[in-house]
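The block underneath contains the structure these notes are about, expressed in structure tokens.
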């Protein structure tokens with residue numbers, strides 16, 4: 001126990017004292033703020049500006065659909081000029097499109113919209129523009145065109161144009177909230193998605209960063225030959241344990257510092273940011289409730305609803321996932337002799353980790369699917385994907401427990417294997433072992 | 001009398017998949033002696049040392065330290081170990097590295113700090129102008145790093161010091177400091193074991209030696225006894241001038257000379273069985289070579305080593321004496 005503490009102390013203090021730890025800890029929240037606030041600001045900005053309305057409408061319908069859509073867009077963006085409408089003959093559409101393309105290329109407009117008989121029939125319209133890949137912009141254009149097609153039909157059916165306008169003018173904002181086992185939870189469903197995403201990404205990041213820290217630490221001890229002195233005083237098992245616990249706590253320290261700093265940043269920084277926003281922009285951003293009651297309320301509403309049980313499960317998954325992957329990384333560190341070997345040797349473990357991240361998006365879109373279920377039960381992806389699922393939908397307790405149990409077993413196996421490879425590899429210089437040699441290391445590990 | 005032994009190794013065996021590293025090795029190291037573990041590279045010296053330190057576990061056999069099984073809790077804390085492959089944490093401050101190494105051996109932090117100051121001063125790493133204890137390891141010169149490593153070996157005041165190839169890579173000044181320290185350790189009643197393939201060093205410093213080759217003990221014992229047992233069938237011959245060519249026919253005469261170690265102006269000659277040293281002297285004088293020294297001597301450890309281990313036991317990288 002005494003020696004474990006000595007090893008742990010060195011691993012922890014040497015890392016926490018380093019300049020890079022300080023830099024990472026201080027810059028982390030700034031980085032997080034940038035990746036959350038900046039897209040929010042950008043999203044708010046692009047929506048609020050009249051870029052969407054800056055289009056040319058090529059109307060080949062012959063029934064004035066173009067003018068309707070132009071007015072519809074103008075109604076959405078009163079600040080912007082009404083889009084130009086060109087009535088064109090269906091036969092000359094290709095030529096007109098070429099001309100419009102040229103104009104867009106010359107930055108006279110953002111894009112052009114083609115309306116033809118297919119549009120009147122309610123089947124298709126075409127849009128080409130610089131912002132064609134912006135989902136938000138496309139969504140607005142689609143809804144305006146759809147609305148106007150509907151209005152045109154109602155009018156054609158004999159309804160009074162003024163009535164038509166009143167009836168079709170909607171601007172629906174869907175508010176979501178999550179329903180869990182305990183009924184409706186406060187907080188929006190969206191904030192849970194964001195939270196789940198952030199947690200899963202953070203778990204992945206910390207495991208990769210600090211797993212590789214362990215790998216480098218082991219490799220340093222091996223290549224500098226300091227391992228030989230150290231293992232003459234302490235068993236390799238103790239050394240490995242001290243290392244994993246020490247580096248693990250460095251990771252925990254960093255996350256804790258990040259959370260505290262981020263909270264401070266949100267409490268004191270958010271009011272400054274939101275002051276620059278109009279209520280309309282706030283709607284666009286995630287902090288909906290900030291309209292009236294200020295940043296604190298916005299924060300409260302933006303907070304995801306996480307029960308104590310879920311929180312504990314998250315912690316358990318982080319600890320177990322870290323132990324699982326860091327013991328594997330330690331074994332790799334003991335196998336390699338140079339930086340060049342590291343990439344290749346750590347590939348299998350990195351693939352396991354990356355495979356968890358690849359499945360994040362499909363699981364977020366459908367957290368109840370068979371894929372999501374399987375991936376959150378497999379020990380190597382469970383530490384990242386089960387927490388993600390748990391923040392999105394209620395997961396039955398037995399699945400969570402089974403998943404944890406699986407990871408525990410995987411951890412024991414990884415520790416058993418790694419301790420043996422570590423014990424032999426640490427003092428084995430020369431070329432990287434083949435699989436056959438590795439198997440022998442495990443067999444003859446004493 | 002187990003208590004008189006610092007180390008008692010009985011019938012130890014260590015086998016790897018490809019080969020046997022140590023085969024049925026038994027050796028006893030009395031307390032308070034300087035003990036040399038001699039052998040060519042790959043003979044099993046480092047494996048033996050690692051087994052003593054419980055870094056690797058023997059397949060069979062027992063090892064005792066100061067009369068206790070070496071697996072006893074804290075038993076290896078009484079050993080100071082300087083491995084052949086040296087190195088320290090590059091980015092760590094000298095004082096912190098040393099304190100870490102001492103604490104690993106169970107020394108209290110405060111005590112360690114105090115001793116570190118004494119050692120740094122003794123080795124000239126802390127002077128009024130410059131305190132290298134505050135520097136990081138990789139800011140130190142190689143010689144200084146070796147000093148730090150050596151301090152780390154002795155900081156916990158071990159009763160048994162094991163030095164694996166301590167002279168390899170040492171400059172003459174550090175080598176001298178190391179010899180002085182070994183002598184000083186012995187004077188203070190500590191036991192020192194060192195492995196080397198440099199026989200001249202061993203012959204001067206060691207009280208007792210053990211020669212191992214291919215994992216097996218070839219011979220062991222007190223140096224003077226080992227040499228006496230090898231007999232006085234050895235002639236030390238020194239000649240002046242350029243007489244080498246004239247001497248060659250004599251040295252290659254197998255009825256007279258069994259083996260000659262030609263060191264250019266000095267020859268260590270082992271007589272053939274039944275050969276008369278006077279006959280050798282007569283023939284050397286007859287060549288007209290100016291004889292500066294002709295003496296019947298005990299063979300050097302180097303000679304004994306060559307004879308007992310043989311050329312086949314010496315792998316590449318073995319550099320004779322130095």
(1) within 13 Å of chain A (Cβ to nearest Cβ); (2) under 19 Å from residue B:165 (Cα atoms); (3) touching a strand residue (DSSP E or B) at 6+ places or on another chain (Cβ under 7 Å) all hold for residue B:33 apart from (1)
Tally of residues being at the interface with chain A (Cβ under 9 Å from one of its Cβ atoms) and in contact with a strand residue (DSSP E or B) (Cβ under 8 Å, 6 or more places away or on another chain) across the stretch B:68-79: 2
Here are the criteria: (1) at pLDDT below 90; (2) surrounded by fewer than 19 Cβ atoms within 10 Å (Cβ to Cβ); (3) away from chain A (no Cβ under 11 Å); (4) in contact with a helix residue (DSSP H, G or I) (Cβ under 8 Å, 6 or more places away or on another chain). Tell me which single one residue B:3 does not satisfy. (4)
Qualifying positions in the stretch A:429-446 - assigned to a loop (DSSP other than H, G, I, E, B) and free of Cβ contacts under 8 Å to residues at least 60 places away in the same chain: A:434, A:444, A:445, A:446
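To keep it simple, each residue is scored yes or no on (1) assigned by TED's automatic domain parsing to the domain that holds residue B:41; (2) farther than 30 Å from residue B:79 by Cβ; (3) touching a residue at least 24 places away in the same chain (Cβ under 8 Å).
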position: B:202; (1), (2), (3): yes, no, yes
position: B:241; (1), (2), (3): no, yes, yes
position: B:249; (1), (2), (3): no, yes, no
position: B:267; (1), (2), (3): no, yes, yes
Criterion first (touching a residue at least 24 places away in the same chain (Cβ under 8 Å), within 13 Å of chain B (Cβ to nearest Cβ) and over 12 Å from the mean Cα position of the chain (by Cα)) does residue A:231 satisfy it? yes
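For (1) assigned to a helix (DSSP H, G or I); (2) over 14 Å from residue A:53 (Cα atoms); (3) at pLDDT below 85, each residue gets a yes or a no:
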| residue | (1), (2), (3) |
| --- | --- |
| A:91 | yes, yes, no |
| A:94 | yes, yes, no |
| A:102 | yes, yes, no |
| A:112 | no, no, no |
| A:137 | yes, no, yes |
| A:146 | yes, yes, no |
Scope the stretch B:99-108; condition without any contact (Cβ under 8 Å) to a residue 12 or more places away in the chain and more than 9 Å from chain A (Cβ to nearest Cβ); matching residues: B:108
Of the listed residues (A:429, A:422, A:398), the one being within 37 Å of the chain's Cα centre (by Cα) and over 30 Å from residue A:307 (Cβ atoms) is A:422
Just to verify a result, which residue in the stretch B:87-98, among those that are more than 9 Å from chain A (Cβ to nearest Cβ) and under 28 Å from the mean Cα position of the chain (by Cα), is farthest from residue A:233 (Cα to Cα)? B:94
Segments classed as helices (runs of 4 or more DSSP H), wholly inside the stretch A:208-303, with at least 2 members that are assigned by TED's automatic domain parsing to the domain that holds residue A:21, at pLDDT 85 or above and in contact with a helix residue (DSSP H, G or I) (Cβ under 9 Å, 6 or more places away or on another chain): A:226-231, A:236-264
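The values are calculated or read from the model by the stated rules, or taken from the named source; none is laboratory data. These numbers were taken from a predicted model, which means no experiment stands behind them. As a convention, Cβ positions derive from the backbone with ideal geometry for all residues, glycine included, and neighbour counts pool all protein chains shown.
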